[in-house]
Amino acid sequence: MSYTSLQPIPQRHWWRLRVGPDEKIWITAAYAWCLVMLVWMVGWFFLGNQNQVGNAYRVTIDGFTAKMDQMVEKYQLKDASGSLMSEGDNDIPVVQVPVGGNVFIAARQFEFPVIPVLELGKTYVFHLSSQDVDHGFSLLPINVNLQLLPGYDYVLRFTPNKTGVYRLTCNEYCGLGHHTMTGKLYVIDTANKIVLDGKGGITGGGA
Ligand SMILES: [Cu+2]
């Protein structure tokens with residue numbers, strides 16, 4: 001039976017009793033397991049296909065945002081008729097930097113202000129930051145899941161291994177419009193004629 005504070009204490013100074021042998025076994029086993037988990041925590045870091053490890057640098061919000069704006073100005077794609085490509089109500093620019101180039105994304109309430117276009121199998125250097133508050137950077141359906149902090153440039157090498165339209169989601173609550181904060185990223189394969197279809201998707205290559 002269990003006791004409540006209204007009943008007399010079953011045995012006074014129970015904590016002074018000697019620890020029984022079965023209890024000693026449990027304590028030893030729990031302690032040993034703690035040590036195993038402690039060591040495994042380090043092992044899992046190397047073996048567990050963990051989230052990306054990048055470098056973060058201190059930046060100014062204005063300086064970082066200016067870099068993103070320069071990138072957009074230089075590399076925003078044009079459609080067949082020669083007009084600049086953008087998508088959505090807020091005209092988010094579709095931008096393709098050269099292979100190996102720097103992709104700047106300065107997230108803000110409540111959008112990712114760039115739609116990058118990447119070539120399959122090529123490595124790009126992503127620079128991720130925020131213009132205002134803490135945002136999340138979750139790239140679906142692959143395992144990229146980062147936090148974007150204003151004032152920090154999070155640098156990440158990224159080599160896409162599958163063509164498609166990837167969805168970006170902010171997964172850190174960032175304000176009233178947080179639930180609308182989504183973005184996009186294209187991975188194309190020009191060599192195999194898998195390219196943008198100009199309607200928000202990709203086309204060609206039997207895909
Ligand atoms: Cu958010």
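Bear in mind that the values in this text are calculations on the coordinates, not laboratory data. None of these values were measured; they are calculated from a predicted model. So basically every Cβ, Gly included, is an ideal-geometry build from the backbone, and we count neighbours across all protein chains shown.
Each 10 Å bin from 0 upward holds the following percent of the Cα-Cα pairs of the range 5-74: 13, 17, 16, 16, 13, 12, 9, 4, 0.
Answer rounded, prolate or oblate for the range 113-154, using the Cα gyration tensor with square roots of eigenvalues a ≥ b ≥ c: rounded when a/c is under 1.5, else prolate when a/b is larger than b/c, else oblate. Prolate shape, in that a/c is at least 1.5 and a/b is the bigger ratio. Normalised by the number of residues in the chain, the average gap of Cα pairs under 8 Å and 6 or more apart makes the relative contact order 17 percent.
In terms of overall dimensions, the C-alpha atoms belonging to the range 55-203 reach 39, 31, 29 Å along their principal axes, ordered largest to smallest.
Contour minus end-to-end for residue 34 and residue 14, with contour as 0.36 nm per residue of separation and end-to-end as the Cα-Cα distance?
Separation in residues times 0.36 nm, less the Cα-Cα distance, equals 4.5 nm.
Of all beta bridges that DSSP places with both ends in the range 55-203, some 70 percent have antiparallel geometry. Computed about its Cα centre, the charge dipole of the chain is approximately 860 debye, with only Lys, Arg, Asp and Glu carrying charge at their Cβ. The GNM of the chain, with springs linking C-alpha atoms under 10 angstrom apart, assigns the highest mean-square fluctuation among 31, 152, 166 to 31.
A protection proxy built from the mean count of other Cβ atoms within 10 Å ranks the segments 167-176, 69-78, most packed first, as 167-176, 69-78.
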